[in-house]
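Remarks on the structure that follows.
The values are calculated or read from the model by the stated rules, or taken from the named source; none is laboratory data. The structure presented is a predicted model; accordingly, all values stated were derived computationally and were not measured. Neighbour counts are summed over all protein chains in view; Cβ atoms, including those assigned to glycine, are modelled from backbone coordinates with ideal geometry.
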Amino acid sequence: MIRSYRKRFGAFAPKVALLGFLANFLMACGGGEPPTSATAAGGSSAAAGGGSAAAGGGGQVATGGATNVGQVTFQITASVAPAIATVGVVEWSIDKSPIDQAQIEFGRTGTEYVAPVDLSAASYRTLLLGMKPNTEYTFRIVATSSGTTYTSEPQVLKTGFLPNALPPVRVTDSNPSKLYGGFTVSCNGVGMGTPGQPQAGDSFAFILDKEGEYVWAYDLSDSPVGECTRARFSYDGRYFWVGNFNNVNTKGALRRITLDGENEQDFALGGRHHDFTTLPQNHILFHEQENGGGTIGNEGADIIKELDPESGQVTVLYNERDNFADIADDVGAHTNYITYVPEHQAISFSMRHSDTIVLLGYPSAEVLGIFNGVKDQFGLAAGGIDWDAQHGHQFFADHLLVFNNADDDTESHVLEFQFDLAQKSAQLLSTYSGGEKSIAFGDVRRLPGGNTFITYSNVGIMHEIDQERVLLREISVGPIGYSSHRKSLYGEEERP
Amino acid sequence: MKTTSTFGGRSWLARRERARYLPALCVASLGGLAATSPIGCSEYMPPVTGSGGSAAAGGAPAVGGLPASACEGGQAVQIENDSNYSLVTKLDISQSTLKGNTDLLIDWTGLTQDFFGHAVHAPEDIKLVLLTLWNMSPEEIEGHLSADTLDASLQKGALSIYPDGTFTTKNLFSFGALDPSNAPVPAEDLRPFFDTTDPNYQYPPSSYTFLAIAQAGTNAGSDARMLHLFKLDSAAAATTLELKDGLTTLMATASFAQAKVVEVPVLTPQLNVDWSRMTKNALGNVFVPTRVTKAVVAHFETETTADLEGNFLDLQSMADAWYEADVKAGTSIGLETLSDAARGAFPGISEQGLWMTALFCTKACSNPAPWSITMLKPCGSAP
């Protein structure tokens, strides 16, 4: 079956927070009790000399320093970050050396989260991430020196508020006991006006916790990345990156933000658009229209480029024209999604107008496989299982998940294929249709443990489903871009 | 007793501000108040003389909860449910039936006056036209809009066009999907939503209604200037959707009579207004404290509360002083951060006239009416 190329971004689907006459913005909180754990102190522990302090809306107050009552002394200073009042900032020292390993355990009751300490950081500065607004948390430092573990006395820190302009979130749980948990990372701003224009709307990068509550937010409004479609952690988890939509335009931009929101770095990247991904060396991979931004109906090919954020150097990895010039010239590539695929030492990218997903060796830039579309190598069309428009997707060794926007249907679908890369064969394993429609954007991520996280971007609804494709949770947050989901806010993102 | 006021020239917000929201307004209730008394600590709110009303505060109302209220030497001004005004809104939106499976013409050329009664110059003022589809009847849409309870999960989608000043009409198949570049959605992708000839059509008019919106800003869902409801029918002849004058009317009934008055020290700007205990807004909906994004203090030197109720749309233009500040985060604000249009700092309330503080939800909400209005009454003597 030869499918029409005549597709472009867009659809009748975006769900706007219409007129704002939406009073039912109740946050329904699901999730279970936080785990508790005890950390055994091998040595003596130190008592806190100072007390706790509360942070106001966006303010911060330091906790007092700790003084010694045992074998060691912890000196601790803690506050909430001025820019993001749900981020705790802890600086500390101990009169023992060398310190071999350290972490900070924190939570509302017991240990909910563990923040690893970078021992090379000045004053062992450590961020406490994932805390809810206007909530009191207790933390303690656990440090190991020469085989002995020292634990500070508990310290209390109260978070401040996040921006009141964040879009309301509604969570509906069907089976919370089977949820993966963890955090949802996304951003909004599409449909809220053009950045830099007089009436551009609000745009935020944000993180929701396992209960669907905001625990981190960064205001992108009126910034170069204000029309945000992608927000994600750097590969090592030390930074937060955001990118604007910039569909058929010349104002492509990326911003790198420290997780305390204190520092930011912008990268003006002309025709970059839609998406970007992170690489193990913490470089950024993005795609840029070869014509610098082009015009509607003249999108042409995209060039996949790699950014080294430390040097600012950009290098070309691959030009789609090398293998897809006919598509580029006929309808335009309209590349809309890019991923890193460690299982194949590859990357993948999606070209919407031709219903095509490509697996490309990295850094070889060799085409490893073409899925769907007129150049399909896997017999999908012959098997009657080709799809009509796609954005988000995820590759594994022999599986492929696809967010099928399904322009010709009233709901979008998540398709799962099993494929044999050597034999160039594939079969459809399953389809999930959640009753929602998003022709623009849309995302799908398999979570460790087997659940799947699906984002219907335009309608701002996310589904977590189990392995039997049974809906476990629905989150409604208004129109967003792509999203990712991770267990922890520290370190690399887990893969199933 | 109710009185009806006209739209023309009336607004709750200044025009520039008002344009951001889809408001409510029109019929303002006197709330049983026949007259008002001169302003003072002991006679701030007059007794109710009409039927159905209740007595207003004649003495010092309680300001409960905080360790030290403003009139007890502290700085806390606690806003509570019982200190809030009440508001009822009614929205009427006209309906039409258009031909299905057709590249409809959307035309907002004839829009010269919005539902606030203010002039519109369509080529310049209309920045976004939205077509939205809802799984509900026209009456349900009207009802939910009026009550500010429209559930977004029942919206099945939206199409957009961002006018650039060069056109005031556009065909349906030129619309995009909230994409400011106006990249059109291919016709074949739109047909499932408009093809009423398809026996498997998923949006029958018996259950689904389209809502068209012409708005003055590009922030989708805000700044509406005109609304129109329509359904599709293959047998219909009309192929043009007009967004023109008079398609929408709004009414509102506001009452201050039931609200408890809050005392604050006279001429003292260092006051912290706290609304963390609020649970219900003026419309009777849930008050989420962290959704307040603007705080105002207004002064009316000669008006009575009846005047304010009867001219609810004109509060800002009627006010002799208007101090405001954005609420970036949290559930309280220091009034010393408020300023007027000339950047003059809020000086604290005086013993003359009426004073009120109002809280707005300007981001997650589009109804421009304040979530709360609390009348303030001076206590103590000038410092």
With (1) closer than 18 Å to A:Asp302 by Cα; (2) assigned to a loop (DSSP other than H, G, I, E, B); (3) in contact with a strand residue (DSSP E or B) (Cβ under 6 Å, 6 or more places away or on another chain) as the list, and A:Lys375 as the residue in question, which single condition is left unmet?
-> (3)
Which one of these does A:Asp236 not meet: (1) over 24 Å from A:Thr126 (Cβ atoms); (2) modelled with pLDDT of 95 or more?
-> (1)
Mind checking which strands (runs of 3 or more DSSP E) fall wholly inside region B:72-113 and carry at least 2 residues that are over 30 Å from B:Pro186 (Cβ atoms)?
-> B:76-78, B:86-93
Only residues that are farther than 24 Å from A:Leu360 by Cα and either in contact (Cβ under 8 Å) with a residue 60 or more places away in the chain or within 14 Å of chain B (Cβ to nearest Cβ) (or both): list them for region A:417-434, please.
-> A:Ser433, A:Gly434
Tally the residues that are of a type in the set (S, T, N, Q) and touching a residue at least 60 places away in the same chain (Cβ under 8 Å), restricting the search to region A:157-173.
-> 2
Those residues of region B:289-313 which are within 14 Å of chain A (Cβ to nearest Cβ) and either free of Cβ contacts under 8 Å to residues at least 40 places away in the same chain or of a type in the set (Ser, Thr, Tyr) (or both), in sequence order = B:Thr290, B:Thr293
Scan of region A:232-247 for residues that are away from chain B (no Cβ under 14 Å) and buried (at least 22 other Cβ atoms within 10 Å of the Cβ), ordered by number | A:Arg232, A:Phe233, A:Phe240, A:Trp241, A:Val242, A:Gly243
Would you please name the residue that is nearest to the other protein chains (Cβ to nearest Cβ), looking only at residues in region A:284-298 that are in contact with a Ser or Thr (Cβ under 9 Å, 6 or more places away or on another chain) and assigned to a loop (DSSP other than H, G, I, E, B)?
-> A:Ile296
How many residues, within region A:335-371, are among the basic types (Lys, Arg) and at pLDDT 95 or above?
-> 0
In region B:145-168, how many residues are more than 7 Å from chain A (Cβ to nearest Cβ) and either surrounded by fewer than 18 Cβ atoms within 10 Å (Cβ to Cβ) or among the acidic types (Asp, Glu) (or both)?
-> 5
Among the residues of region B:200-232, count how many are closer than 28 Å to B:Ile126 by Cα and either out of contact with any Asp or Glu (no Cβ under 8 Å at 6 or more places or on another chain) or assigned to a strand (DSSP E or B) (or both).
-> 22
Are any of the residues in region A:488-496 in contact with a Pro (Cβ under 9 Å, 6 or more places away or on another chain) and crowded, with 18+ Cβ neighbours inside 10 Å?
-> yes
Qualifying residue in region A:144-165 (condition: closer than 30 Å to B:Ser222 by Cα and within 20 Å of the chain's Cα centre (by Cα)) = yes
Determine if region B:108-131 includes at least one residue that is touching an Asp or Glu at 6+ places or on another chain (Cβ under 7 Å), of a type in the set (A, V, I, L, M, F, W, C) and surrounded by 16 or more Cβ atoms within 10 Å (Cβ to Cβ).
-> yes
Of residues in region A:285-332 being more than 13 Å from A:Gly271 (Cα to Cα) and among the small types (Gly, Ala, Ser), the one modelled with the lowest pLDDT = A:Gly297
The residue that is nearest to the other protein chains (Cβ to nearest Cβ), considering only those in region A:248-278 that are outside any strand (DSSP E or B) and either without any contact (Cβ under 8 Å) to a residue 12 or more places away in the chain or of a type in the set (Val, Ile, Thr) (or both), is A:Val248
Determine whether region B:256-265 contains at least one residue that is within 11 Å of chain A (Cβ to nearest Cβ), part of a loop (DSSP other than H, G, I, E, B) and either over 16 Å from the mean Cα position of the chain (by Cα) or surrounded by 20 or more Cβ atoms within 10 Å (Cβ to Cβ) (or both).
-> no
Would it be correct to say that A:Ile475 is within 16 Å of A:Pro176 (Cα to Cα), crowded, with 16+ Cβ neighbours inside 10 Å and without any contact (Cβ under 8 Å) to a residue 40 or more places away in the chain?
-> no
Apart from one, (1) closer than 19 Å to A:Ile347 by Cα; (2) crowded, with 24+ Cβ neighbours inside 10 Å all hold for A:Ser438; the odd one out is (1)
Hits in region A:151-168 (condition: closer than 30 Å to A:Asp95 by Cβ and part of a loop (DSSP other than H, G, I, E, B)) | A:Glu153, A:Pro154, A:Thr159
Those residues that are polar (S, T, N, Q) and crowded, with 22+ Cβ neighbours inside 10 Å, I need them from region A:279-315; list them, please.
-> A:Gln289
If we keep just the residues of region B:318-363 that are touching a strand residue (DSSP E or B) at 6+ places or on another chain (Cβ under 7 Å), within 14 Å of chain A (Cβ to nearest Cβ) and assigned to a loop (DSSP other than H, G, I, E, B), which is modelled with the lowest pLDDT?
-> B:Thr362
Any chance B:Met375 is over 22 Å from B:Gln270 (Cβ atoms), in contact with a Leu (Cβ under 9 Å, 6 or more places away or on another chain) and not β-branched (Val, Ile, Thr) = no
Limited to region A:385-416, what total is found for residues that are among the small types (Gly, Ala, Ser) and within 14 Å of chain B (Cβ to nearest Cβ)?
-> 3
Checked region B:193-214 for anything surrounded by 20 or more Cβ atoms within 10 Å (Cβ to Cβ) and at the interface with chain A (Cβ under 9 Å from one of its Cβ atoms); matches are B:Phe193, B:Phe194, B:Tyr203, B:Leu211, B:Ile213
Of the residues A:Asp302, A:Asp266, which single one is farther than 27 Å from A:Pro163 by Cβ and touching a Ser or Thr at 6+ places or on another chain (Cβ under 9 Å)?
-> A:Asp302
Can you spot a residue in region B:224-236 that is among the acidic types (Asp, Glu), surrounded by fewer than 24 Cβ atoms within 10 Å (Cβ to Cβ) and touching a Ser or Thr at 6+ places or on another chain (Cβ under 6 Å)?
-> yes
Output the number of the condition that A:Ala381 fails; it satisfies all remaining conditions of (1) closer than 21 Å to B:Lys156 by Cα; (2) surrounded by fewer than 22 Cβ atoms within 10 Å (Cβ to Cβ); (3) modelled with pLDDT under 95.
-> (1)
Looking only at region A:433-482, count how many residues are modelled with pLDDT under 95 and acidic (Asp, Glu).
-> 1
